[in-house]
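The values are calculated or read from the model by the stated rules, or taken from the named source; none is laboratory data. Bear in mind that the values here come from a model prediction, so they are computed numbers and not experimental data. Counting neighbours? That spans all protein chains shown, and the Cβs are built from the backbone with ideal geometry, glycine included. For accessibility, only protein heavy atoms count, side chains too; no ligands or nucleic acids. Shrake-Rupley method; radii C 1.70, N 1.55, O 1.52, S 1.80 Å.
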Amino acid sequence: MSAPKSIPNSAPDSTPVSSGKKPAITVTLKNIVQEYPAPGSGTTRVVDGVNIDFSRPGINMLLGPSGCGKSTLLHMMGGVRPMGVKTPTSGTILIDGVECEGPHDDSVMVFQRYANRPDLTVFENVAFPFRLKLWKNRVPEAEWRQRVQDMLKAVGLADKQKLRPSQLSGGQNQRVALARALVLRPRILLMDEPFGALDAQTREEMQGLLIELYNAWPCLVIFVTHDVTEALILGDRVIVLSSQPAKVADDFTIDTPRPRSVAWQRSSEAVKMEESILSQLHKASPGKGSVRVTV
Ligand code: ADP
Ligand code: MG
């Protein structure tokens, strides 16, 4: 991949908060139900009693067919609430055991549409959170400037920091978004199909980059995808959702270290897991939704 050869990880501020003295952060979904107003009248149940415990640092994949309610669940965890709809309709989200109803200070989100500001340079986009009071108060200027430089190097954009988003490719724009998230050293990183709009080769590069960044700054990653291969390449854990209304259909642990080679992806272990995930999805929702397999 064309990503950086080395990732700085020894600055004092880069000590991952999910290791060392602080215990790993936990996210718990308790009996989550989500209903949205249906076109016309009444409501549609989109999420139907989901219970998940994210209790260890790691890359957790939330996999399910398009439209099953993955973004709904992820946005809830990030405290992103749609206008005019109570979310969740019922159930509780706990972060470190405390009920959480809005954005949490230790969590950041990365979207498929990378949301870079067109009027700002790459450096200014990555540094953007430090304009906000919360982060301005938490991190002194000299430190955040160093972090931004380290992160730009880590995502391979050190020589592009004066450019604007329109001068970058889709993959490079997503690198900026990833850098902006990780520069905060989040304890929780929520990712909503972040590589879904990229071509196959760039997606693979970004998956490799995410693994490198995760190794340098481990945290609790919750990564939404509808791509089975992506789930198997990245996940320590793969939680499979049924189609709408989403329920947990299965929950796998993958112990094979990353990066996972093409040979591993073709191994009987991986193929069995892939078949099991696909059959689980089809069992839960015959003929509904779409699930992508990229290899
Ligand atoms: P996924 O991310 O799995 O593709 P979403 O969580 O985005 O699915 O959406 C699940 C379902 O909920 C879809 O049918 C979508 O149209 C519906 N939905 C999502 N947000 C809203 C909203 N704010 N109001 C009404 N319906 C919504
Ligand atoms: Mg979605």
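Compute the separation of the alpha-carbon centres of the stretch 46-93 and the stretch 229-285 and state it in Å as a whole number. Each part reduced to its Cα centre gives a spacing of 19 Å. With the simple spin-label model, which puts each label point 7 Å out from Cα in the Cβ direction, the Ser166 to Arg113 separation comes to 1.8 nm. With θ taken as phi - 60° and the Karplus curve 6.51 cos²θ - 1.76 cosθ + 1.60 applied, the whole-hertz 3J(HN,Hα) list for the stretch 32-39 is 7, 10, 10, 10, 10, x, 7, x Hz, x standing for glycine and proline.
Counting protein heavy atoms only, the chain has 52 percent of its accessible area on carbon and sulfur, 1.4 angstrom probe.
Measuring r between the beta carbons of Trp135 and Ala38 and using R0 = 51 Å, the FRET efficiency lands at 0.80. Grab the beta carbon distance between Leu120 and Arg145, set R0 = 22 Å, and tell me the FRET efficiency rounded to 0.05. Result of the calculation: an efficiency of 0.90. Rolling a 1.4 Å probe over the protein heavy atoms gives the chain an accessible area of 46 Å² per residue. Between Glu99 and Leu278, the simple spin-label model (points 7 angstrom out along Cα→Cβ) gives 4.4 nm. Listed values for the stretch 90-106 are Karplus-derived 3J(HN,Hα) couplings in whole Hz (6.51 cos²θ - 1.76 cosθ + 1.60, θ = phi - 60°), namely 8, x, 9, 10, 10, 10, 6, x, 10, 4, 10, 10, x, x, 9, 4, 9, and x replaces Gly and Pro. Compute the signed sum of charges (Lys and Arg +1, Asp and Glu -1) over the other residues within less than 13 Å, Cβ to Cβ, of Lys30. Computed value for this residue: -2. Pairs exceeding 20 Å between alpha-carbon atoms, taken from Lys30/Lys70; Lys86/Lys283; Lys70/Lys133; Lys133/Lys160; Lys136/Lys162: Lys86/Lys283; Lys70/Lys133; Lys133/Lys160; Lys136/Lys162.
Contact order for the chain, expressed relative to its length and based on alpha carbon pairs under 8 Å spaced 6+ residues apart, stands at 28 percent. For the options Thr253, Thr92, Thr121, a Gaussian network treatment of the chain with springs between C-alpha atoms closer than 10 Å singles out Thr253 as fluctuating the most. Normalised by 2.2 N^0.38 Å, with N the number of residues, the alpha-carbon radius of gyration of the chain equals 0.99.
Once C-alpha pairs closer than 8 Å and six or more residues apart are averaged by separation and normalised to the residue number of the stretch 136-194, the relative contact order reads 37 percent. Once you keep just the Cα pairs under 8 angstrom separated by 6 or more residues, what percentage relative contact order results for the stretch 131-271? That works out to 17 percent. Could you state the angle between the C-alpha long axis of helix 200-216 and the longest principal axis of the C-alpha atoms of the chain, as a value from 0 to 90 degrees rounded to the nearest 10? Approximately 70 degrees, to the nearest ten.
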